[in-house]
Amino acid sequence: MTHDPVCGMEVKTSSQYYIDIDGKLYEFCSQGCQEKFAVDPMLYINKDTAIKTGYKTTSYGTEKISIPVVGLHCISCVNTIEQEIMKLPGIKLVKVNYTTETAHIEFKSGEVTTAQIINAIKNAGYKTGQATLKLGVQGMYCGSCVTKIEHALDNQNGVLSSSVDLGTETAIVNYIPGAVDISNIKNEIEKLGFQVFDSSGVKEESGSEIKDEEEIDENQAAREKEYKTLIKKFIFAAVLALPVMFFSYPTVWNLPEQFQMGSPTLQLIWIVMSILSLPVMFWSGSQFYTGAWAAFKNRSANMHTLIATGITAAWLYSAVATYFPGVFPSAELADQFFDVIFVVVALVVLGMALEIRAKGKSSEAIKKLIGLQPKTAKVIRNNSEIDIPVEEVVLDDTIIVRPGEKIPVDGVIVDGSSAIDEAMITGEAIPVEKKVDGEVIGGTINKTGSFKFKATKVGKDTALSQIIQMVEQAQSSKAPIQKIVDKVAGYFVPAVMITAIITFVIWYVFGPDPNLIYALITFVTVLVIACPCALGLATPISLMVGVGKGAENGILIRSGDALETAQKLDTIVLDKTGTITEGKPSLTDVVAVNGFSTDDVLLFSASVEKASEHPLGEAIINGAKEKSLTLSDPKDFNATPGFGVEATVDGRKILLGNLKMMQKNSIELANLQERSRQFADKGKTPMYVAIDGVAGGIIAVADVIKKDSVEAITELKKLGLEVVMITGDNSRTANAIAKQVGIDRVLSEVLPEDKAFNVQKLQNEGKKVAMVGDGINDAPALAQADIGLAIGTGTDVAIEASDITLIKGSLKGVVLAIQLSKATMKNIKQNLFGAFFYNGLGIPVAAGILFPFFGLLLSPLLAGAAMAFSSVTVVSNANRLRNFKTSWK
Amino acid sequence: MTADQIIVIIAGLGLAAWVAWYFWFSETKAVKVQTSGSGIQEAVIKVKGGYTPDVLVFEARKPIKLNFIREETAACSEEVIFSGLGKKATLTPYKTIPVELNIDEPGEYNFQCGMGMLHGKLIIE
């Protein structure tokens, strides 16, 4: 293997394309590269890999800077940029080099900044290859360290500006990719004696929302650590709980006399328990106290407040009973409840640990998406292939992708072809064949061939970044149902505390003897059983799993609101072109009469259409090309909207249009009208052709129905939705298509600008309406609908007007989106019902409401167990959504 | 009714009233955030069992940067959610995690943890 000196691609030796210079063999991937090399071999042999980009200050107060400019397509661009920069004060010289795509500027220091120059280039409509790097810096102790690092970085060639923050221990560096790389910058800081680490990762822009894998891992590590600590705390409390349980119920276990109530041995055991309970409370249960105290300072209360209050009350009472039993009026009151402390702490801590585990699973979808982001790209710069961090890829960079590699950013193939696995973005299981001009999506995997592509979207503009951002936004949004929960949650914990106090008072005043013990047990039980976490988690956790599941299947749900509305829909309006059909009409039939051949009819029609820009015309031209007909150039072309087109082809007067056009020109159609009707009844668009004033025949074109449209529409109907088709076609064609796909209601001959109005009319019938269409022409209708579903194409994912974006252009996605919304809302409702039901039933039972009727009182131990597992249940239930599968394939 | 019962009733009701007042009706002090030289309104919020400070006052139409420092590993506070603004951040323990906001409309914007247990509020004037 060797490298092509021109494009940098790997070439298998010996290649059929080679040039021998002074005994040294240069091999190439293609003839193109060989020819380029032959023109000026020295350019490739002695190439200087470092871009001459720099930054320096002269002793005369003049600064010089070279900035790479992206997107210079013409010589006139040079003038635009130069003029824009010259407008700035203090500029002495500007020279933009078209071939090296670099702007060289000399300016007076102090009068203008590099940032202003970059802005000027931007104002001229071009991009500079600027990137921002955020690094963590350790070992800074003073303000002078900051200036030292900033100074060193600013003097580095290619660095535009830097800012070091002592407080957050970070350095933010704006630099020109290609002129300097990240390792240079790191080295520069390390040379000064500081440690550098990728604290927040490498980012396109500081403060970007997108986290890199490292940060995720760090959170994962923190979660794992917390889990392990909690398990240790649980084991400690649980092991001690066993002997405590044993000696706390001497009658239950039938222990000998010396272990029964009032015996000196038991008294001693109680003392041991009171001491052992301290590490359980303040180590195993330390989070309850710290959490409760921190919340208390903020005048708020949470689960920790409840548990901390409960176990503290139990300990205080038990300690008094152990050390000062004489305080109690009767001996039976001097009982201990240390077991409650051990068991409740152990169980609740275990519950918290399990919850961490379960929650980790809930956020897997977004983690997977973030994990898709490639880290490096093989870019061709100065005719050589270099590996650079993906953040340094700029627009219009040419990137090489080999089989098995991840595509780093979005772009368009310029050379080569391959099958690309896009399942991770679109949910489409089968790899997609792509060739030159095909769009590729960053984060997808190249399967079979090598290709080069031009970057069209980088950084946070890539489809993947947009998807991550949309999913994060949706996961942080609130479903309207959550508003009720929020109201309740705000009052919940203090209300439980008040309930516990009142329970204590009621039992103390009205309860049977020993009333103080009953009062204490019910007080502790009420505090322990209440589970605010289950309530707070119910909606967001299901939303997170549901939205994540959608993203895995190429369905981007914009918000919780969209999700909740999507399951209440009555009617779904489908745009015909591009949604039900492929949106690309093709020639289906040619009819010839009056002695003309079908080839004549097709040739003349296609030649006329050469001058038109109508999509139907394109279909006719393509049809003629498929039959290898040679088209002529039309003359005197004229298009009459609502009628058709006319022109002279090879000296013959051709008319191509509808019935009205033929009637206007008094063309005798005879039985052609009947044929035309037949075509229209099949959903095709027929056009009459007249040649020199005589009917020549009919050309019919049709838009092909997407292969899964019929199935999807059947499924939508099964979901109980009324399916409506909206189109600009005439009613005959529209009805024919509707019949083929099984749609009963058709809104035909609707002008594009009236689509939104038609959606509104359906809404006025009192229906919840969803509109499915493309994100551009149908934007107003999508916005008008209760739910706008945009069928995206390729990398356009952030479609403003839509509530739900389907990355894959199939109607299947609509079915899946609605089914997923229904499943998620059902899950949320189950969770909410569970949480409300649990608390609503558990708290009164804990307070002893069953005691007067059945003599039943809940043990605080059971209450602790119930509380510990209620929130785990909520999370586990939400995780069931991860197994969501559509009912059809 | 015995004396101890009366004492328990009075103490109980008093305590209940105090709980209601302390958690529901007493006002927390809002912190007014100053604009820095660079035009950014920047504040540090400590996350430990709650948000300190939890009520912050900002000016509208000026960039806001909230630096969250989570000084605990308890999973409860792992996420901070600004649902009205569609923002969310995962707070890595013991690290400064900035959340940048731009709010044009004056009003009150709540933020909370992933489970809705910890609450805070931005007042935009």
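Data overview
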{"quantity": "Matching residues in the range B:1-46 - criterion: being more than 23 Å from B:H119 (Cβ to Cβ), of a type outside the set (V, I, T) and facing chain A (nearest Cβ under 7 Å)", "calculated": "B:Q5, B:G12, B:L15"}
{"quantity": "Wholly within the range A:801-889, helices (runs of 4 or more DSSP H) carrying at least 3 residues that are of a type in the set (A, V, I, L, M, F, W, C), free of Cβ contacts under 8 Å to residues at least 40 places away in the same chain and closer than 30 Å to A:T525 by Cα", "calculated": "A:812-846, A:851-854"}
{"quantity": "Elements of type strands (runs of 3 or more DSSP E) in the range A:577-649, at least 2 residues being touching a residue at least 60 places away in the same chain (Cβ under 8 Å), within 27 Å of A:A734 (Cα to Cα) and not hydroxyl-bearing (S, T, Y)", "calculated": "A:581-592"}
{"quantity": "Scan of the range A:456-478 for residues that are under 21 Å from A:I828 (Cβ atoms), surrounded by fewer than 23 Cβ atoms within 10 Å (Cβ to Cβ) and either more than 9 Å from every other protein chain (Cβ to nearest Cβ) or touching a Leu at 6+ places or on another chain (Cβ under 7 Å) (or both), ordered by number", "calculated": "A:M470"}
{"quantity": "Any hit, the range A:402-418, residues being among the charged types (D, E, K, R), within 21 Å of the chain's Cα centre (by Cα) and either in a strand (DSSP E or B) or surrounded by fewer than 19 Cβ atoms within 10 Å (Cβ to Cβ) (or both)", "calculated": "yes"}
{"quantity": "A:T290 part of a helix (DSSP H, G or I), surrounded by fewer than 23 Cβ atoms within 10 Å (Cβ to Cβ), modelled with pLDDT of 90 or more and within 14 Å of chain B (Cβ to nearest Cβ)", "calculated": "no"}
{"quantity": "Test set (1) within 14 Å of another protein chain (Cβ to nearest Cβ); (2) crowded, with 23+ Cβ neighbours inside 10 Å; (3) modelled with pLDDT of 85 or more; (4) farther than 30 Å from A:D703 by Cα - A:I502 fails condition number", "calculated": "(2)"}
{"quantity": "The one condition in (1) open to solvent by 30 Å² or more (accessible area, probe 1.4 Å); (2) at the interface with chain B (Cβ under 8 Å from one of its Cβ atoms); (3) small (G, A, S) that A:A495 fails to fulfil", "calculated": "(2)"}
{"quantity": "Contacts under 8 angstrom Cβ, first residue in the range A:116-131 being modelled with pLDDT of 75 or more, partner in a helix (DSSP H, G or I) and open to solvent by 20 Å² or more (accessible area, probe 1.4 Å), 6 or more apart", "calculated": "A:A120/A:E84; A:I121/A:E84; A:N123/A:E84; A:A124/A:T80; A:A124/A:Q83; A:A124/A:E84"}
{"quantity": "Where A:G125 falls short, out of the listed (1) part of a strand (DSSP E or B); (2) of a type outside the set (S, T, N, Q); (3) farther than 20 Å from A:V159 by Cβ", "calculated": "(1)"}
{"quantity": "Hey, A:A319 touching a Lys or Arg at 6+ places or on another chain (Cβ under 7 Å) and either assigned to a helix (DSSP H, G or I) or not small (G, A, S) (or both) or not", "calculated": "no"}
{"quantity": "Every residue from the range B:102-125 that is surrounded by fewer than 18 Cβ atoms within 10 Å (Cβ to Cβ) and either over 23 Å from A:M303 (Cβ atoms) or at the interface with chain A (Cβ under 10 Å from one of its Cβ atoms) (or both)", "calculated": "B:N102, B:D104, B:E105, B:P106, B:G107, B:E108, B:N110, B:I123, B:E125"}
{"quantity": "Residues (modelled with pLDDT of 85 or more and either open to solvent by 40 Å² or more (accessible area, probe 1.4 Å) or at positive phi (or both)) located in the range A:419-431", "calculated": "A:P431"}
{"quantity": "Conditions (1) open to solvent by less than 30 Å² (accessible area, probe 1.4 Å); (2) over 23 Å from A:V493 (Cβ atoms); number of the one not met by B:Y51", "calculated": "(2)"}
{"quantity": "Candidates A:G809, A:G855, filtered to the one that is open to solvent by 10 Å² or more (accessible area, probe 1.4 Å) and on the phi > 0 side of the Ramachandran plot", "calculated": "A:G855"}
{"quantity": "Count - residues of the range B:79-89 that are modelled with pLDDT under 85 and facing chain A (nearest Cβ under 7 Å)", "calculated": "4"}
{"quantity": "Residue in the range A:515-538 that is open to solvent by less than 20 Å² (accessible area, probe 1.4 Å), within 12 Å of another protein chain (Cβ to nearest Cβ) and among the β-branched types (V, I, T) present", "calculated": "no"}
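Residues checked against (1) more than 10 Å from chain B (Cβ to nearest Cβ); (2) out of contact with any Gly (no Cβ under 6 Å at 6 or more places or on another chain); (3) farther than 26 Å from A:I356 by Cα; (4) open to solvent by 20 Å² or more (accessible area, probe 1.4 Å):
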{"position": "A:A221", "(1), (2), (3), (4)": "no, yes, no, yes"}
{"position": "A:W253", "(1), (2), (3), (4)": "yes, yes, yes, yes"}
{"position": "A:T265", "(1), (2), (3), (4)": "yes, yes, yes, yes"}
{"position": "A:I271", "(1), (2), (3), (4)": "yes, yes, yes, yes"}
{"position": "A:I275", "(1), (2), (3), (4)": "yes, yes, yes, yes"}
{"position": "A:M281", "(1), (2), (3), (4)": "yes, yes, no, no"}
{"position": "A:S284", "(1), (2), (3), (4)": "yes, yes, no, no"}
{"position": "A:M303", "(1), (2), (3), (4)": "no, yes, no, no"}
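The values are calculated or read from the model by the stated rules, or taken from the named source; none is laboratory data. Just so we're clear, the structure is a prediction, and the values are computed from it rather than from any experiment. Cβ sites come from the backbone with ideal geometry, for glycine too, and all protein chains shown count toward neighbours. Heavy atoms of the whole protein, side chains included, go into the accessibility calculation; ligands, DNA and RNA do not. Shrake-Rupley method; radii C 1.70, N 1.55, O 1.52, S 1.80 Å.
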